[in-house]
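Data first, discussion second: the structure below is written as structure tokens.
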Amino acid sequence: MSILDRVAGPRDLDALSAEECRLLAAEIREFLIAEVSKTGGHLGPNLGVVELTIALHRVFRSPRDPIVFDTGHQSYVHKLLTGRKDFSGLRSRGGLAGYPQRAESEHDIVESSHASSSLSWADGISRAFARRALEDQAQAQRHVVAVVGDGALTGGMTWEALNNITDDNDRNLVIVVNDNGRSYAPTIGGMARFLNTVRSKDAYRDLQEGSEKLFSRFGRPGRTLYRGTRGAVRGFLSRASNNDHLYSNLDIKYLGPVDGHDLEALEEVLGQAKGYGRPTLVHVITEKGRGYAPAENDVADQFHAIGQIDPGSGEPLEHTSGRSWTDVFRSRILELADADPRIVGITAAMLAPTGLDLLAERHPGRVIDVGIAEQHAVTSAAGLAYGGLHPVVAVYATFMNRAFDQLLMDVALHRAGVTFVLDRAGITGPDGASHNGVWDLATLQLVPGIRIAAPRDEEALRELLAEAVVIEDAPTVLRYPKGAVGEPIPALRRTADGVDVLREPGDDEGARDVLFVAVGPMGRLAGEAAELLAERGIACTVVDPRWVVPVPESLVALAQEHRLLISIEDGIRVGGIGTRIRQALRDAGVDTAVDERGILDAFPAHASRGQLLADAGLTAERIAADVAAQVRGERIPIARPRA
């Protein structure tokens, strides 16, 4: 029986010897490589925290001592040590979530997978424990541990939390900074430069490696002596390199740096932090992708997130057909920036994933990576616009939620010409609730003066981006989903105000029954539903507004010619584009019935995109059946004559 097989829960770690713990770490890495290569997922981050997670569970008593993982993509080892070893359905419906999930285990605390929030969670939990300890002394013995990556330290919320944590020191709170020099890609900014000086300090590195080799020559007694002197060495180096000065003014105890792959050193320093009785920061240096050569040698992101791969070579087994939406944006923004020197790009620690990498290579001074700081990115963009540039802020749709106030008050209020490109809009699927980008259409359309575009295919994306970057008196938004673009969806004609008509009934079909208003890629789905309805004798028109906010006047006119308008979007139905169209029709005195189709007002669980769309009734068959029932049941107004 392997050592991993003997671990059914964290307390099974207590009986393991130091050597058995090292063997366990090796087994966990083998397990992760074998299993995650089959399903895809976050491999590199988890390979880097194996020893750290083992040490955390040996020193602290989860769930009595809550462990809060910032972002949570590095929680696979935690799942294994808390009894969850069936990774066969990782990130699939019915299988393990890719992030902590309370429904899976009492050991999972925070489900949100947005970065830089763990210290605020830990602050609140530890304050609650301290408060409850006034009546129940057992609460005073509980500790709270926040595991935060160095990349997450670039987010302002982390520093807001630190400021408050150090305002009240009478509680048991341990902050573990998992410093691997990367967030998704290499971490940027002044914080990264500071940590890099600590991480690469010649005195620290050379003395540590040299002394370890020297003492190891004397076998077990030498290694014991080395461990005994290591604390003093760390203290000397800390004073010599001033590496704790960053935190001294915050009045928080600093321990480290410590080798994040040395189990005994980790347990020692975490034990010190646990016994301190006040908020303590432990600086742990790890290597993302540790122990797996393909990940270690991957310059881009060290296998941060992978699809299915060959576990031996690390080569992908999945090959997407056609260009992705991100690829189309990547090439188009480069063309537009070449022609217009005012265009600059802004990314929040996701240069390549959002498609700004080629622009950065060709025009390195015109792309700004702000780190995991979306709020700062948006307000900085307002300043760039004031200074005469046209910023293009490229973020995942789910992360745009974090900067709503800045968009509203700093960009829109000041009528700043800023373009927001929202990648992974709509249902994304396997990453789970907090990564689905289904809220942008409902929330962003509340912003006065905003203009929102949703391309249906490659040519539309290229065209709409070019239109967006010349608008200088209001924010513009361009949103598209994850994955391949697919085949072109040609238009039959375009109205004077830019609405593309994709399908309309012939003269022999008589009165127009149904008008489908498709948001972006939903044009393909609307066309399929219209074909099914045509077979039942129901005449349908399909249009793509292109710019879905504000509602085009020609769309209102088209609605007046039809008995029923069906809007289809892959955002939440409540307050979505369909709701806005209904309001526009009411304001114009048009009484055409409206039926909004979109995502249910809920948090979509992890599953495939197709499964989640089907759950919402967004299939051609379901839509056609429902519409036919409405039309045949005469639950809509009598048809008007064609204009």
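Of note:
- If you go through the range 336-371 and pick out every residue that is under 18 Å from the mean Cα position of the chain (by Cα) and under 18 Å from Ala382 (Cα atoms), you end up with 6.
- Any helices (runs of 4 or more DSSP H) falling wholly within the range 280-383 and containing at least 1 residues that are within 17 Å of Phe420 (Cα to Cα) and either touching a Cys at 6+ places or on another chain (Cβ under 8 Å) or among the charged types (D, E, K, R) (or both): 325-339, 357-362
- Test: residue in the range 400-417 that is crowded, with 24+ Cβ neighbours inside 10 Å, outside any loop (DSSP other than H, G, I, E, B) and among the aromatic types (Phe, Trp, Tyr): no
- Top-ranked residue in the range 554-568 [being of a type in the set (Gly, Ala, Ser) and not in a strand (DSSP E or B); ranked as farthest from Ala496 (Cα to Cα)]: Ala559
- Scope the range 355-384; condition modelled with pLDDT of 95 or more and crowded, with 24+ Cβ neighbours inside 10 Å; matching residues: Gly355, Leu356, Leu359, Glu374, Ala377, Val378, Ala381
- Taking the criterion of being farther than 16 Å from Thr280 by Cα and open to solvent by 50 Å² or more (accessible area, probe 1.4 Å), the residues of the range 113-159 that qualify are Arg131, Arg132, Leu134, Glu135, Asp136, Gln137, Ala138, Met157.
- Of all the criteria given as (1) part of a loop (DSSP other than H, G, I, E, B); (2) modelled with pLDDT of 95 or more; (3) in contact with a Lys or Arg (Cβ under 7 Å, 6 or more places away or on another chain), the one not satisfied by Ser126 is (1).
- Across the range 295-304, the qualifying residues are those that are in contact (Cβ under 8 Å) with a residue 12 or more places away in the chain and more than 12 Å from Leu47 (Cα to Cα), and the one among them that is least open to solvent (accessible area, probe 1.4 Å) is Asp301.
- Residues located in the range 567-594, provided they are open to solvent by 30 Å² or more (accessible area, probe 1.4 Å), under 16 Å from Val517 (Cβ atoms) and not small (Gly, Ala, Ser): Arg573, Thr579, Arg580, Arg582, Gln583, Arg586
- Leading residue by the ranking (surrounded by the most Cβ atoms within 10 Å (Cβ to Cβ)) among those in the range 340-354 that are closer than 20 Å to Ala152 by Cα and not polar (S, T, N, Q): Ala348
- Taking the range 519-553 as the range and being under 24 Å from Leu446 (Cβ atoms) and part of a helix (DSSP H, G or I) as the test, the residues that pass are Met522, Glu553.
- Residue that is farthest from Arg102 (Cα to Cα) [pool: residues in the range 429-472 that are in a loop (DSSP other than H, G, I, E, B) and among the acidic types (Asp, Glu)]: Glu472
- Leu47, sole failed condition from (1) under 22 Å from Arg22 (Cβ atoms); (2) open to solvent by 10 Å² or more (accessible area, probe 1.4 Å): (2)
- Summed over the range 584-609, the residues that are free of Cβ contacts under 8 Å to residues at least 60 places away in the same chain, out of contact with any helix residue (DSSP H, G or I) (no Cβ under 8 Å at 6 or more places or on another chain) and in a helix (DSSP H, G or I) give a count of 2.
- Criterion violated by Ala534 - all others in (1) at pLDDT below 95; (2) under 27 Å from Asp431 (Cβ atoms); (3) hydrophobic (A, V, I, L, M, F, W, C) satisfied: (2)
- Tabulated pairs, the range 77-100, first at positive phi, second open to solvent by 10 Å² or more (accessible area, probe 1.4 Å), C-beta under 8 angstrom, 6+ apart or interchain: Gly83/Ala8; Gly83/Gly9; Gly83/Ser105; Arg91/Thr39; Arg91/Pro430; Arg91/Asp431; Arg91/His606
- Restricted to the range 583-620, and to residues there that are more than 32 Å from the chain's Cα centre (by Cα) and not hydrophobic (A, V, I, L, M, F, W, C), the residue that is nearest to Leu558 (Cα to Cα) is Thr592.
The values are calculated or read from the model by the stated rules, or taken from the named source; none is laboratory data. All values reported here derive from a predicted model rather than from experimental measurement. Methodologically, a virtual Cβ is constructed for each residue, glycine included, from the backbone with ideal geometry; neighbour enumeration extends over all protein chains shown. What goes into the accessible areas is simple: the full protein's heavy atoms, side chains included, and nothing from ligands, DNA or RNA. Shrake-Rupley method; radii C 1.70, N 1.55, O 1.52, S 1.80 Å.
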